[in-house]
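The structure under discussion appears below in the form of structure tokens.
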């Protein structure tokens, strides 16, 4: 019985030290690392689409030309977003944030990705509407159809991107024990505090 109690005490002390080693600073640095990798990915997508879109808009005509043209134009915005976000991340001093501020920023980040995923569905619906409208437009059916196909493609990519970033960030928050779980040792024994 004594061995069992000593073994339990040993593992509880290890758990305390492990939880205490995970600070809100560590958590927020990981948040920013996740965001940075996402922005590099978005930037790479944008550069690839601008290159192939520019080539395609010069090489093809009609519907294909407009498809590539919209891909290039759309990804100028994606490149701008990725560049701005990377500069913002680089200029963030994690040590200036309190634990409460870190959690506010985390929830804000998750909310932004979730809202963007909803907007992406609207983009795809707009692209579908453009394709449908192209059938009744005698003046510019190729433009509407090409642009519509591009908007569906870009909206679909962004939906997968934003939803996966939301889920990754949410999982990161839920796996971070120190923000919600505090263990401590004192002369009176050990304590466990769970914050909701």
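The values are calculated or read from the model by the stated rules, or taken from the named source; none is laboratory data. Everything quoted here is computed from the prediction, not taken from an experiment. Quick reminder, even Gly has a Cβ in these numbers, built from the backbone with ideal geometry, and neighbours come from all protein chains shown.
Tabulated data
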| item | result |
| --- | --- |
| The one condition in (1) surrounded by fewer than 14 Cβ atoms within 10 Å (Cβ to Cβ); (2) within 15 Å of the chain's Cα centre (by Cα) that residue 135 fails to fulfil | (2) |
| In region 1-40, the residues that are modelled with pLDDT under 85, assigned to a helix (DSSP H, G or I) and surrounded by 12 or more Cβ atoms within 10 Å (Cβ to Cβ) | 9, 12, 13, 15, 16, 18, 19, 20, 24 |
| Subset of region 45-58 (residues that are surrounded by fewer than 13 Cβ atoms within 10 Å (Cβ to Cβ) and within 13 Å of residue 83 (Cα to Cα)) | none |
| Residue 43 vs. criteria more than 14 Å from residue 161 (Cβ to Cβ) and either in contact with a helix residue (DSSP H, G or I) (Cβ under 9 Å, 6 or more places away or on another chain) or not in a helix (DSSP H, G or I) (or both) | no |
| Filter result for the condition that a residue is modelled with pLDDT under 95 and more than 29 Å from residue 23 (Cα to Cα), over 185, 138, 125 | 138 |
| Boolean, residue 93 is under 25 Å from residue 31 (Cβ atoms), free of Cβ contacts under 8 Å to residues at least 12 places away in the same chain and out of contact with any strand residue (DSSP E or B) (no Cβ under 6 Å at 6 or more places or on another chain) | yes |
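This table checks each residue for (1) part of a helix (DSSP H, G or I); (2) surrounded by 14 or more Cβ atoms within 10 Å (Cβ to Cβ); (3) within 17 Å of the chain's Cα centre (by Cα).
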site	(1), (2), (3)
103	yes, yes, yes
107	yes, no, yes
118	yes, no, yes
128	yes, yes, no
142	yes, yes, no
147	yes, yes, no
153	yes, yes, no
158	yes, yes, yes
